[in-house]
Amino acid sequence: MPTKQHMGTTCLPSLISAILLIPAMYFLAKILFDKKIALITAFLTTFSPWIHIFARHAHEAVPTTLFIVLSLIFLVKYKKNKNR
């Protein structure tokens, strides 16, 4: 049976990913749309029950979502710089 300390360290990467997902979603929405949509996106991401549930249970969905959003940010920035 895992101890409380062990469970805390197991969930830590997922919790950090959930926290970093909020600004990542903001920047992606700001690049694709405008600041108003980006703020709404960050707000909805912050209070999304699925992110809270998956982050608490150390599920791989939150880090995967973070890496997908970061990949999309870099892809969109690459495409915009390539068109210059």
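The values are calculated or read from the model by the stated rules, or taken from the named source; none is laboratory data. These numbers come from a predicted model, not from an experiment. FYI the Cβ positions are ideal-geometry reconstructions off the backbone, even for glycines, and counts take in every protein chain you see.
Couple of notes before you dig in:
- Residue ranges of helices (runs of 4 or more DSSP H) in the range 7-84 with at least 3 members in contact with a Lys or Arg (Cβ under 9 Å, 6 or more places away or on another chain): 35-46
- Residue in the range 4-17 that is under 30 Å from LYS80 (Cβ atoms), surrounded by 13 or more Cβ atoms within 10 Å (Cβ to Cβ) and either modelled with pLDDT of 95 or more or touching a Leu at 6+ places or on another chain (Cβ under 8 Å) (or both) present: yes
- Scanning the range 19-51 for residues that are under 15 Å from LEU72 (Cβ atoms) and of a type in the set (Ser, Thr, Tyr) gives TYR26, THR41, THR45.
- Evaluation of ASN81 against (1) polar (S, T, N, Q); (2) in contact with a helix residue (DSSP H, G or I) (Cβ under 6 Å, 6 or more places away or on another chain); (3) farther than 23 Å from SER14 by Cα (one fails), failing number: (2)
- Looking across the range 48-67, the residues that are exposed (fewer than 15 other Cβ atoms within 10 Å of the Cβ), more than 14 Å from LEU20 (Cα to Cα) and among the hydrophobic types (A, V, I, L, M, F, W, C) come down to TRP50, ILE53.
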